[in-house]
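Taking it in order: structure first as structure tokens, then the write-up.
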Amino acid sequence: MIEIVNLHKSFGKNQVLRGATLKVEKGESMVVIGGSGSGKSVLIKHIIGFLKPDEGSVMIDSVDIANLSENERYETRKRFGMLFQMAALFDSMKVWENVAFALIRHGKLKDKEAKEIAVEKLRAVGLVGVEDLMPSELSGGMKKRVGLARAIAHSPEILLYDEPTTGLDPIMADAINDLIIEMKKRLSVTSVAITHDMHSAYKIADRIAMLYEGRIVQTGTPDEIRNTDNAIVRQFITGSAVGPIKIEGVTA
Amino acid sequence: MIRLIELIGRFVEILWSTLMSFARELGKILLLLCATMKQLILPPFELKNTFKQIIEVGIKSLPVVVITAVFTGMVLALQSYTGFKRFNAEVLVGTVVALSITRELGPVLTGLIVAGRAGAAMAAELGTMRVTEQIDALETLATNPVKYLIVPRFIAGVIMLPSLTIVADFVGIIGGYFVGVTVLGANSSVYWKRTWDYLEITDIYNGLIKACFFGASIAIISCYKGFYTEGGAEGVGKATTGAVVLSSMTILISDYFLSAWLFK
Ligand SMILES: Nc1ncnc2c1ncn2[C@@H]1O[C@H](COP(=O)(O)OP(=O)(O)OP(=O)(O)O)[C@@H](O)[C@H]1O
Ligand SMILES: [Mg+2]
């Protein structure tokens, strides 16, 4: 369903992706882990086509998205929902208008119906009574959940989550994990989630992939990852400062 | 002597690189203009956003435009009166005010005010949306940001600048009349007659064509600066100042060429 092949991307001299390859099957929940600044957000932005590969390709249902016309590209986007790392809510619109944006625009729903659906989606992410607030009146964690409600509102087939649980308290984080699992079960969505939170990764993933130095160094089921012999992956999942991954400026 | 040559060399170098980057930027602005034109004619039409921008650009700039135009008309009457008195041409004050305002000052001052107010707002708004990924978010929601954000601002600029200019022309002439008649003691009906006698409809009309062009320039330049903002809050600041500077310069420079072309 989603196939990333030999993806390269640099920003100036900064080579972020250096041949990342990853395949996500239909209905599968893939979690990408990796250090801060390793290029996880850059990877996910290629899947939805915001960034163009320097080399390599991204295929959705065996179609290279680089070859789509502008119209086809926007049509393809309707199948996606995306949660941004910083939520990226429209700050000129009320919370419910954010959530209902795609419904009103593409679903041609009347405001009243759209608002009802928005309220329901907000409830699903644990938010009640915030629909008429402006995004600037929300806390960081609340924004993230509104972003999640907006991403799922139009029932997309493919969901991209950029750190869905960071910034949330542990209980809320677990509720969001459950929601992601439910989305997968009920709507059989295909998803790619980025996270640092190993607890969340083990819980929501069918498979986990680790991004390191611009490549996917290992892909496997949560059990395979837990019992990995790959020293890099092991260091990351156990959260140790000692190992093959060196942090610049920090001496362990 | 050598230092002087060195200095001139440096100056030419800087001038050259400024010119080159200006040319590159102009190219990108024209590309954005083409994209905007394309989205302008393709349905669906963003009526709600367009209406909002018309209010934003037009109604909110109105008070400043009115005050500026009144005082400009007033000072024009005052200055031309004292100047023309030297060769006994005081009777022409009304004519001078009317011609200067409609042909030149109405459109240009309105343009500069809108550039400073609405242009800055456009760049800041789009710039903030860019750095907080709201423009990317529009894309994920299958919405073309050029259509959704830029086209409404462009339409608002093209419609509202001439509209504001009509107001500026009118109140500017009234301001001149007020000073001419009450302060300088001109005869009311003579002043009024002089105002209209030599004013042709093409004066007003050509002034409005200039205003249309200024409106389009302000909108596309400011949207361009905002849309391609990089580098967080600092980048938004740069985009905003850049938008005001470039729009104002474009207005003043293009004004000369438009005038040369329109008022033959
Ligand atoms: N638009 C951009 N322009 C220039 N450099 C960029 C851009 N986007 C990302 N980068 C660079 O790419 C690298 C990877 O960034 P990315 O946001 O993908 O990291 P990440 O893995 O998501 O990190 P985190 O876990 O902290 O979110 C960083 O060095 C960043 O500076
Ligand atoms: Mg990230």
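Values as computed for the structure displayed
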| quantity | calculated |
| --- | --- |
| From the options A:L179, A:L211, residue that is away from chain B (no Cβ under 14 Å), within 14 Å of ligand 1 (Cβ to nearest atom) and either farther than 30 Å from A:R79 by Cα or touching a helix residue (DSSP H, G or I) at 6+ places or on another chain (Cβ under 8 Å) (or both) | A:L211 |
| Selection status of B:F213, away from chain A (no Cβ under 14 Å) and open to solvent by 50 Å² or more (accessible area, probe 1.4 Å) | yes |
| Leading residue by the ranking (nearest to the chain's Cα centre (by Cα)) among those in region B:171-184 that are open to solvent by 50 Å² or more (accessible area, probe 1.4 Å) and touching a residue at least 24 places away in the same chain (Cβ under 8 Å) | B:I174 |
| Checklist (1) modelled with pLDDT of 95 or more; (2) within 14 Å of chain A (Cβ to nearest Cβ); (3) surrounded by fewer than 22 Cβ atoms within 10 Å (Cβ to Cβ) applied to B:R153, failing item | (3) |
| Of the criteria (1) open to solvent by 10 Å² or more (accessible area, probe 1.4 Å); (2) among the hydroxyl-bearing types (S, T, Y); (3) within 16 Å of ligand 2 (Cβ to nearest atom), which one A:T219 fails | (3) |
| Residue in region B:119-132 that is assigned to a helix (DSSP H, G or I) and under 19 Å from B:K210 (Cα atoms) present | yes |
| Answer from B:L161, B:L126 - the residue that is within 14 Å of chain A (Cβ to nearest Cβ) and within 25 Å of B:K38 (Cα to Cα) | B:L126 |
| Long-range neighbours under 6 Å by Cβ, at least six apart or interchain, first residue closer than 19 Å to A:T165 by Cα within region A:120-142, second open to solvent by less than 60 Å² (accessible area, probe 1.4 Å) and not in a loop (DSSP other than H, G, I, E, B) | A:K121/A:V99; A:K121/A:A149; A:L122/A:A149; A:V125/A:R145; A:V125/A:L148; A:V125/A:A149; A:G126/A:A175; A:L127/A:R145 |
| Which listed residue, of A:G140, A:G129, A:G167, is small (G, A, S), surrounded by fewer than 16 Cβ atoms within 10 Å (Cβ to Cβ) and at positive phi | A:G129 |
| Yes/no for A:D229 being modelled with pLDDT under 90 and over 24 Å from A:S10 (Cα atoms) | yes |
| Whichever residue in region B:66-113 is of a type in the set (K, R) and farther than 23 Å from B:N206 by Cβ and, among such residues, is most open to solvent (accessible area, probe 1.4 Å) | B:R86 |
| Subset of region A:71-91 [more than 8 Å from chain B (Cβ to nearest Cβ) and farther than 24 Å from A:K40 by Cα] | A:N71, A:E72 |
| Check on A:S69, farther than 30 Å from A:R186 by Cβ, modelled with pLDDT under 90, away from ligand 2 (no atom under 16 Å from the Cβ) and open to solvent by less than 60 Å² (accessible area, probe 1.4 Å) | yes |
| Selected residue [of a type outside the set (V, I, T), modelled with pLDDT under 95 and surrounded by fewer than 23 Cβ atoms within 10 Å (Cβ to Cβ)] from A:A175, A:A153, A:A102, A:A149 | A:A175 |
| Identity of the residue in region A:30-52, more than 13 Å from ligand 2 (Cβ to nearest atom) and more than 14 Å from chain B (Cβ to nearest Cβ), that ends up surrounded by the fewest Cβ atoms within 10 Å (Cβ to Cβ) | A:M30 |
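Conditions tested, residue by residue: (1) under 20 Å from B:T95 (Cβ atoms); (2) β-branched (V, I, T); (3) touching a residue at least 40 places away in the same chain (Cβ under 8 Å).
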| site | (1), (2), (3) |
| --- | --- |
| B:V167 | no, yes, yes |
| B:A186 | yes, no, yes |
| B:R194 | yes, no, yes |
| B:G207 | yes, no, yes |
| B:F214 | no, no, yes |
| B:K225 | no, no, yes |
| B:D255 | no, no, yes |
| B:W261 | no, no, no |
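The values are calculated or read from the model by the stated rules, or taken from the named source; none is laboratory data. Source: prediction; values computed, not measured. Note: ideal-geometry Cβ built from the backbone for every residue, glycine included; neighbour counts use all protein chains shown. When the accessible area is computed, the model is the full protein with side chains, heavy atoms only, and any ligands, DNA or RNA have been set aside. Shrake-Rupley method; radii C 1.70, N 1.55, O 1.52, S 1.80 Å.
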